[in-house]
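Below is one structure, written out as structure tokens, with a few remarks after it.
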Amino acid sequence: MMEPTPTPQTITTDGFRLHPEDEAAMRAEASHYEQPQAACIEALKIVQRRHGWVPDDAIPAIARILGVGPASVEGVATFYSLIFRQPVGRHVILVCDSSSCFLTGSDQLREALSERLGIGLGQTTADGRFTLLPVCCLGACDGGPALMIDDDVYGPVGAEELAGLLEGYP
Amino acid sequence: MNSQRQSPVYRSRLLQPASERTPDSHPLTWRLRDDGQVVDLKDYESKQGYEAVRLVLDEGDPQAVIAAVKEANVRGRGGAGFSAGLKWSLTLQGGDIPRGYIVCNADEMEPGTFKDRLLMEQQPHLLIEGMILAAFANNARFGYIFLRGEYVESARVLTAALAEAREAGWLGPDIAGSGFDFDIALHTGAGRYICGEETALLNSLEGHRANPRAKPPFPGQSGAWGKPTVVNNVETLCNVPAVMLRGADWFQALSGDRTDDGGTKLYGASGLVNRPGLWELPIGTTGRELLELAGGVRDGRELKAWLPGGASTGFLLPEHLDLPLDFDTVGKEGSRLGTGLITVVTEDQSMVALMRNLEEFFARESCGWCTPCREGLPWTVKLLLALERGEGEAGDVELLDKLAADCGPGLTFCAHAPGAAMPLQSALRHFRHEFEQGVRYPKGKPHADPIPAGEV
Ligand SMILES: Cc1cc2nc3c(=O)[nH]c(=O)nc-3n(C[C@H](O)[C@H](O)[C@H](O)COP(=O)(O)O)c2cc1C
Ligand code: SF4
Ligand code: FES
């Protein structure tokens, strides 16, 4: 019934199809709650796990599954900072910019990262490898300055360690 | 995963070896392993795990649980210090009131706070046991752990532990043959500090934008999907099993005569200390004791100020180091205990720059519902940036006073704005001269386009 899902490289918003596995996962999530709307954030994350980000046309698709209006899904999709509404790189780097890391050198760490990658906060490298974003306290303040690459938390990170660290994320 | 040998992978850890921790003195952490591996179900059960659930379900008296938690004076460890027992006694139950929910607030995002992560990553069953007890006391039919999205390791450990507990019959129908049924689902978020505010959390749980709700009604009256709902912090819930097993008097006595608050606290230190970390200590431990455990101020610098419990608490000074860190004492100093993890600031740090960093956080994380918070905080940041560059104008410091006052308690929809105001007001009180130094022309700007002398 479903056509194969386009790969992240070829995806355009008007060619969007929910993967059948993702649709099933969304329905399973929705069963944990009194009302399916509660699975909205998880549904967005499911799309994001597969595509890297949440294209516009995913919104009505999710809304249909959860039985809610697209506007409420859109409202949620634009509120939460870890739901990406633009394409991001293969790896997302979240640099903590909260107080304990600020005191232990997050500005210097961010500058070193920017310099190495040639991008500022909110930008993606030209080769599509990394996106750099700020994040609030990662709950790793005893390891400040801290950052997260994809699912991995690092800290304290010295500027001289960045090269080795980034190598692990081709 | 990164394969570099020296990659600085972060691991949550307690800086107290197992040899220093006993069931009598460290109810939260005595089971933790020195190697930092998870205390799994088998390990947990062999160390009195789920004994409190068995005991309480055998006795079958929810009101007795509430009475014990009240008597032990377990105060909310999420930052506000509200009595858990009192909160539970106000939860609607009985008659034709539907069974509600237990929601564990695991959104830990308060800058400077890294305690709930430890409990979830290394000892998930203590939290699950605490939630079962809370569910029984409050007649909840289902529980949610609202976990921040970035806590990927916590999610992994909790998911495995929930499956273990279900398999062993600690979750699900007819728990331990008592007829009581209860289960828990893990709900992970997607960023935004405001999700930690308990009513915003409920909106987020229901799949809406995380704007707070009006109180009253309080969640205990009408929470998730309009049902009675108890929201408690991870550490608060983790205290309940020991209270039920060992009694309120024992719990009270843990803090000795340091304070009226009962129990221990996961205290921590970060910022500019030599040995940042986490310790389970009697509640009422002093800042000086904590600072000593943390190896003192980094590189022999001088202590300038400290935040007692996260970004939304007020700055304290070196002269406050000997005060017991409990909710009431810190409250009397114009600050709050907050989460109890101190942030240490050294003499060489500009308070204007630090305040700018803090207010950038609060401005970015405002949910945008009320004007003083949505508009006032970015304005505050703008003023602080100007002062930091020495480009402030006459009246800017007074304007900061006003913007902070407009965010005070009771003037906005939730406690986010008061949380932004408290550190600013304390910094303006203790370090006013630093802010004033950032004003370029204290007596007002000179004429915008002065005619150079002799050129007419
Ligand atoms: C802006 C804001 C953020 C909050 N974040 C958290 C949080 O991350 N974790 C938490 O337990 N409590 C947080 N709280 C406090 C909760 O609103 C609530 O008081 C707490 O979950 C109650 O649990 P407790 O009584 O066990 O502490 C926050 C409050 C505010 C105003
Ligand atoms: S005080 Fe701020 S965060 Fe709280 S409801 Fe108002 S705008 Fe939202
Ligand atoms: S302030 Fe950066 S991890 Fe907490």
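Which residues, counting only those in the stretch A:102-130, are on the phi > 0 side of the Ramachandran plot and touching a strand residue (DSSP E or B) at 6+ places or on another chain (Cβ under 7 Å)? The one that is on the phi > 0 side of the Ramachandran plot and touching a strand residue (DSSP E or B) at 6+ places or on another chain (Cβ under 7 Å): A:Gly122.
The single residue among A:Val92, A:Val73 that is open to solvent by less than 30 Å² (accessible area, probe 1.4 Å), closer than 23 Å to B:Glu365 by Cα and in a helix (DSSP H, G or I) turns out to be A:Val73. With respect to the conditions (1) open to solvent by less than 30 Å² (accessible area, probe 1.4 Å); (2) more than 12 Å from chain B (Cβ to nearest Cβ); (3) small (Gly, Ala, Ser); (4) over 18 Å from the mean Cα position of the chain (by Cα), A:Ala58 falls short on a single one, namely (4). Just wondering, is there one or more residues in the stretch A:118-137 that are within 23 Å of B:Arg13 (Cα to Cα), touching a Lys or Arg at 6+ places or on another chain (Cβ under 6 Å) and at the interface with chain B (Cβ under 7 Å from one of its Cβ atoms)? No, there is no match, as no residue in the stretch A:118-137 is within 23 Å of B:Arg13 (Cα to Cα), touching a Lys or Arg at 6+ places or on another chain (Cβ under 6 Å) and at the interface with chain B (Cβ under 7 Å from one of its Cβ atoms). Just one of the listed residues (B:Ala421, B:Ala353, B:Ala386) is within 16 Å of ligand 3 (Cβ to nearest atom) and assigned to a helix (DSSP H, G or I), namely B:Ala353. Restricting B:Arg389, B:Arg364 to those that are open to solvent by 10 Å² or more (accessible area, probe 1.4 Å) and within 12 Å of another protein chain (Cβ to nearest Cβ) reduces the list to B:Arg364. Being surrounded by 22 or more Cβ atoms within 10 Å (Cβ to Cβ), modelled with pLDDT of 95 or more and away from chain A (no Cβ under 11 Å) is the requirement here; does B:Gly340 meet it? Against the criterion (surrounded by 22 or more Cβ atoms within 10 Å (Cβ to Cβ), modelled with pLDDT of 95 or more and away from chain A (no Cβ under 11 Å)), B:Gly340 qualifies.
Among the residues of the stretch A:22-43, those that are at the interface with chain B (Cβ under 7 Å from one of its Cβ atoms), in a helix (DSSP H, G or I) and either touching a residue at least 40 places away in the same chain (Cβ under 8 Å) or out of contact with any strand residue (DSSP E or B) (no Cβ under 9 Å at 6 or more places or on another chain) (or both) comprise A:Gln37, A:Ala39, A:Cys40, A:Ile41. For the stretch B:266-278, the set of residues classified as in a strand (DSSP E or B) and within 11 Å of chain A (Cβ to nearest Cβ) consists of B:Gly268, B:Ala269, B:Ser270, B:Gly271, B:Val273, B:Gly277, B:Leu278, listed by residue number.
Of the set (1) open to solvent by 10 Å² or more (accessible area, probe 1.4 Å); (2) touching a Gly at 6+ places or on another chain (Cβ under 9 Å); (3) over 30 Å from B:Ile184 (Cα atoms), all apply to B:Arg301 but (2).
Mind listing whichever residues of the stretch B:220-248 are in contact with a helix residue (DSSP H, G or I) (Cβ under 7 Å, 6 or more places away or on another chain), farther than 20 Å from B:Ser89 by Cβ and surrounded by fewer than 24 Cβ atoms within 10 Å (Cβ to Cβ)? Across the stretch B:220-248, the qualifying residue is only B:Leu245. Inspect the stretch B:161-178 for any residue being among the acidic types (Asp, Glu), within 12 Å of chain A (Cβ to nearest Cβ) and open to solvent by 30 Å² or more (accessible area, probe 1.4 Å) and give the result as yes or no. No, there is no match, as no residue in the stretch B:161-178 is among the acidic types (Asp, Glu), within 12 Å of chain A (Cβ to nearest Cβ) and open to solvent by 30 Å² or more (accessible area, probe 1.4 Å). Consider B:Arg148 carefully, then state whether it is open to solvent by less than 40 Å² (accessible area, probe 1.4 Å) and either among the basic types (Lys, Arg) or on the phi > 0 side of the Ramachandran plot (or both). The answer is yes for B:Arg148. When B:Gly49, B:Gly85, B:Gly78 are checked against the criterion of being touching a helix residue (DSSP H, G or I) at 6+ places or on another chain (Cβ under 8 Å), open to solvent by less than 10 Å² (accessible area, probe 1.4 Å) and within 16 Å of ligand 1 (Cβ to nearest atom), B:Gly85 stands alone in meeting it. In the stretch B:103-120, the condition of being more than 16 Å from ligand 3 (Cβ to nearest atom), modelled with pLDDT of 95 or more and over 23 Å from A:Val153 (Cβ atoms) is met by at least one residue.
The values are calculated or read from the model by the stated rules, or taken from the named source; none is laboratory data. Fair warning: this is a prediction, and the values are worked out from it, not measured in the lab. Because the Cβ atoms are built from the backbone with ideal geometry, glycine has one as well, and the counts that use them run over all protein chains shown. Quick note on the areas: whole protein, heavy atoms, side chains included, nothing else; ligands and nucleic acids left out. Shrake-Rupley method; radii C 1.70, N 1.55, O 1.52, S 1.80 Å.
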